[in-house]
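A short reminder: the numbers here are calculations on the coordinates, not readings from a lab. On a predicted model such as this, the values are computed, not experimentally measured, just so you know. Because the Cβ atoms are built from the backbone with ideal geometry, glycine has one as well, and the counts that use them run over all protein chains shown.
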Amino acid sequence: MAKYSAPRGTKDITPDEMHKWHHIEGVARKTAQDYGFREIRFPTFEHTELFVRGIGDTTDVVSKEMYTFLDKGNRSITLRPEGTASVVRSYIENSLYASGLPVKAYYITSIFRYEKPQAGRYREHHQFGVECFGAAGPEADSEIISLAREYLARLGINDVRLEINSIGCPECRPDYHSALRAHFKDRADKLCETCLDRLERNPSRILDCKSDICKALAKDAPSGLDFLCGDCGSHFTKVKEYLDAMNIDYVINPRIVRGLDYYTKTVFEFISNRLGAQDTVIGGGRYDGFVSALGGQPTPGLGFGSGIERMLLVMEAEQIEIPKPETASVFVASQNENADKTVQTLVYDLRKLGVFAERDITGRSLKAQMKYADKIGARYTIVIGEDELISNSIKVKDMATGEKHTGTLDAGAIKALLKLH
């Protein structure tokens, strides 16, 4: 048993699992790039104020879940609990808008939240996200949603439903909040302690509460869709029209508010029908006031985030086969000590030509080398001994068929003989 173990809520990604991650990340990158998004990378930690100001101090993320500490300069630092705030900060700090709008960025990164570990959600988990700045129209909303749908489709995930909502803007939201306060005021004695605080500061957060009692109290709460101003109502109608035009099915869910305060107008979630309570696989929406809230010029923005661990769970639940990792094309075995240097040189030359080649480096016998070659799934094997050294020729065995090919003891000739890439 290991003397040390990974901290609770974290997990190693071992070499045997890594091909699954590479597959999902590869699909994410290709899909984002096909939509014109370019990769951005940002620090693992930021000044705490960025998240308090950007995400909102009434959210569970800020009030309960952040990893915050004082550094040696007595500055409050927080491990990133989400990606959008960092991208917005980078957008402002690095004047990304100078290259023209819209600015479209994607990221694949780790996220840190102190919460009870759940299926597909660890205290350190990983996320694929996209952010778009400078596009205020409903075309952008529908494009971001279609990107998310295409990402799922390319992974082979089909048993999901898209839920959409509009949470309005600073013009119409106050009336909705007043209606929510009136609704929950008579039920205040039953609200959890957190939601009692939310009642005055941000009552829409109550709709996002995980407490079963608060969920029950919110069932007959007013719908924000009834309070949308003309602009927000028109925007939402057009988003639906664009989704209809692309034949993307959706369900209107007026209870979606998302867990972060920066959202405005369109919000959406893709829900898996194969998972339990933690069934959201992609979530996002519009955040038109975020850039100005962090000190930048007023700029519309929108995006989404998607956990990779949870995506793996969905693919397993839907029995989607992930491509197997590449195995060695050629395993070169050494029959005796005299052949070792030649084996080493040949393997080195094959690798320089881009061939996945392996050899034994643990001192195994020839018989054990061949067993090892079979274990790692080598496609071809070559044995080099005295006869091969003298004749400068080799026999290449196809491990699947047993067929043998004769060639010269030269990396280029072997590659050409086997038509390896």
**Complete:** Mean separation of Cα contacts under 8 Å (at least 6 apart) over the residue count of the chain, i.e. the relative contact order in percent, is 15
**Complete:** In debye to the nearest 20, the charge dipole size for the stretch 180-289, taken about the Cα centre with +1 at each Lys and Arg Cβ and -1 at each Asp and Glu Cβ, equals 140
**Asked** Rounded to two decimals, what is Rg over Rh for the chain when you use alpha-carbon atoms and the Kirkwood radius?
**Response** 1.11
**Asked** Given the Cα-Cα distance of Arg161 and Asp374 and 0.36 nm per residue of separation, how much length would full extension add, in nm?
**Response** 72.3 nm
**Complete:** Residues Thr381, Thr401 in order from fewest to most other beta-carbon atoms within 10 Å are Thr401, Thr381
**Asked** Using helices alone, what [θ] at 222 nm do you get for the chain, with -39,500 (n - 2.57) per DSSP H run of 4 or more residues, divided over all residues and rounded to the nearest 500?
**Response** -11000 deg cm²/dmol
**Request:** In a Gaussian network model over the chain where Cα atoms closer than 10 Å are linked, find which of Lys215, Lys352, Lys265 has the largest mean-square fluctuation.
**Result:** Lys352
**Message:** Using a 7 Å offset from the Cα along the Cα-to-Cβ direction at both Asp175 and Glu200, what is the distance between the two label points in nm, to one decimal?
**Reply:** 2.6
**Prompt:** Under a GNM of the chain (C-alpha, springs under 10 Å), which listed residue has the highest mean-square fluctuation: Thr68, Thr327, Thr48?
**Reply:** Thr327
**Request:** State which entries of Lys3/Lys72; Lys219/Lys265; Lys11/Lys367 exceed 28 angstrom in Cα-Cα distance in the structure shown.
**Result:** Lys3/Lys72; Lys11/Lys367
**Message:** Using 0.36 nm times the number of residues separating Ser365 and Glu39, minus their current alpha carbon distance, what extension gain do you get?
**Reply:** 112.6 nm
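Mind giving me the FRET efficiency for Arg351 and Glu321? R0 is 35 Å, r the Cβ-Cβ distance, nearest 0.05 is fine.
Between Arg351 and Glu321 the formula returns 0.75.
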**Asked** Near the amide H of Ile394, under 5 Å away, which other amide H atoms are found, from residues 5 or more places off or on another chain, if H is placed in the peptide plane?
**Response** Gly407, Thr408, Leu409
**Message:** If the only charges are +1 at each Lys and Arg Cβ and -1 at each Asp and Glu Cβ, what is the size of the charge dipole of the stretch 136-239 around the Cα centre, to the nearest 20 debye?
**Reply:** 280
**Request:** Given the options Pro15, Pro174, Pro81, state which has the largest fluctuation in a GNM of the chain using a 10 Å cut-off (strictly under) for Cα springs.
**Result:** Pro15
**Asked** Dipole of the stretch 107-164 (Lys/Arg Cβ +1, Asp/Glu Cβ -1, origin at the Cα centre): which of Cys132, Tyr122, Val160 lies farthest to the positive side?
**Response** Tyr122
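Suppose R0 equals 56 Å. What FRET efficiency, 1/(1 + (r/R0)^6) with r the Cβ-Cβ distance, do Cys192 and Leu389 give to the nearest 0.05? List each step's numbers first, then the result.
Details: r = 78 Å, r/R0 = 1.39.
Plugging the Cβ-Cβ distance into 1/(1 + (r/R0)^6) gives 0.10.
Just to verify a number: FRET efficiency for Arg8 and Ile77, C-beta to C-beta distance, R0 = 22 Å, to 0.05? Numbers along the way, then the final one.
Working: r = 22 Å, r/R0 = 0.98.
Calculated transfer efficiency: 0.55.
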**Complete:** With +1 on the Cβ of every Lys and Arg and -1 on the Cβ of every Asp and Glu, the dipole magnitude of the chain about its Cα centre, in debye rounded to the nearest 20, is 700
**Request:** For the stretch 1-37, run through the chymotrypsin sites (Phe, Trp or Tyr not before Pro) and keep only the ones in DSSP coil with at most 14 other Cβ atoms within 10 Å of their Cβ.
**Result:** Tyr4
**Prompt:** When DSSP assigns beta bridges and you keep just the ones with both residues in the chain, what percent turn out antiparallel, to the nearest 5?
**Reply:** 80
**Item:** Within the stretch 1-60, trypsin sites (Lys or Arg not before Pro) in DSSP loop having at most 16 other beta-carbon neighbours inside 10 Å
**Value:** Lys3, Arg8, Lys11, Arg41
**Asked** Between Leu417 and Ala245, how many nm apart are label points set 7 Å from Cα along the C-beta direction?
**Response** 6.0
**Request:** Compute the distance in nm between two label points, each set 7 Å from the Cα along the Cα-to-Cβ direction, one at Tyr67 and one at Asn253.
**Result:** 2.9
**Asked** Roughly how many Å is it from the Cα centre of the stretch 207-266 to that of the stretch 344-421, as a whole number?
**Response** 61
**Request:** Could you grab the relative contact order for the stretch 330-418? Cα pairs under 8 Å, six or more apart, rounded to a whole percent.
**Result:** 32
**Prompt:** Once amide H atoms are placed 1.01 Å from N in the peptide plane, what residues at a sequence separation of 5 or more from Lys265, or on another chain, have their amide H within under 5 Å of its amide H?
**Reply:** Ile167, Gly168, Cys169
**Request:** Take every Cα pair under 8 Å in the stretch 78-150 that's 6+ residues apart, average their separations, divide by the length, and report that relative contact order as a whole percent.
**Result:** 30
**Prompt:** What's the percent breakdown of Cα-Cα distances in the stretch 330-418 across 10 Å bins, shortest bin first?
**Reply:** 18, 57, 25
